[in-house]
């Protein structure tokens, strides 16, 4: 297994370990939690939107995939920023930045190569119309949102994760403020 394969395989495990570290280091306050919550929630909802367009052929080109070639990774960026803002600590921001820059570009490059190899010219046409990462603000190519795709992907777990992280930050804030 090469480094890129290892990074792809263990991205979530490393992320979970770092999340524990981030939550330990976090020094949240009411403002950071509030802003972090809304940024994190926007990322989780963006990922939920993306998950409803994932199809069996693994090459959706409608909905959020008509705006970006990696909309799920963009949703992850928003989630990470939300956690970092909520954590309200320089080390938390640095951990997030290093983790994101180390793992997500590798994942995005691997996915793009796979799609290019599998879909050839169709991929090249789609590539020219979409940004690699940040969604291009333009008219969305309509498609049918499929709730069963969302459920099959188990993307709802990201909402649970988001609420858990915010709850931990709120708990830390209440404890640090000496509230009962």
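The values are calculated or read from the model by the stated rules, or taken from the named source; none is laboratory data. All values derive from a computational prediction rather than experimental measurement. No Cβ is skipped: glycine too gets one built from the backbone with ideal geometry, and neighbour counts run over all protein chains shown.
Restricting attention to the range 111-128, which residues are in contact (Cβ under 8 Å) with a residue 12 or more places away in the chain and either surrounded by 14 or more Cβ atoms within 10 Å (Cβ to Cβ) or on the phi > 0 side of the Ramachandran plot (or both)?
111, 112, 115, 119, 123, 126, 127
Return yes when residue 55 is closer than 27 Å to residue 112 by Cα, surrounded by fewer than 19 Cβ atoms within 10 Å (Cβ to Cβ) and touching a helix residue (DSSP H, G or I) at 6+ places or on another chain (Cβ under 9 Å) and no when it is not.
Values: closer than 27 Å to residue 112 by Cα: yes; surrounded by fewer than 19 Cβ atoms within 10 Å (Cβ to Cβ): yes; touching a helix residue (DSSP H, G or I) at 6+ places or on another chain (Cβ under 9 Å): yes.
The answer is yes for residue 55.
Return the residue satisfying two criteria in turn: it lies in the range 93-103 and is surrounded by 14 or more Cβ atoms within 10 Å (Cβ to Cβ) and in contact (Cβ under 8 Å) with a residue 40 or more places away in the chain, and of such residues it is farthest from residue 18 (Cα to Cα). Give the derivation first.
At the first step, the residues of the range 93-103 found to be surrounded by 14 or more Cβ atoms within 10 Å (Cβ to Cβ) are 93, 95-96, 99-100, 103.
This time we only want the ones that are in contact (Cβ under 8 Å) with a residue 40 or more places away in the chain, so: 95-96, 99, 103.
On the way: 95: 7, 96: 8, 99: 8, 103: 13 Å.
Only one residue tops the list, namely 103.
Out of the range 1-44, which residues are in contact (Cβ under 8 Å) with a residue 60 or more places away in the chain, surrounded by fewer than 17 Cβ atoms within 10 Å (Cβ to Cβ) and part of a loop (DSSP other than H, G, I, E, B)?
27, 29
Just the residues that are modelled with pLDDT of 90 or more and surrounded by 14 or more Cβ atoms within 10 Å (Cβ to Cβ), please, taken from the range 135-148.
135, 145, 146
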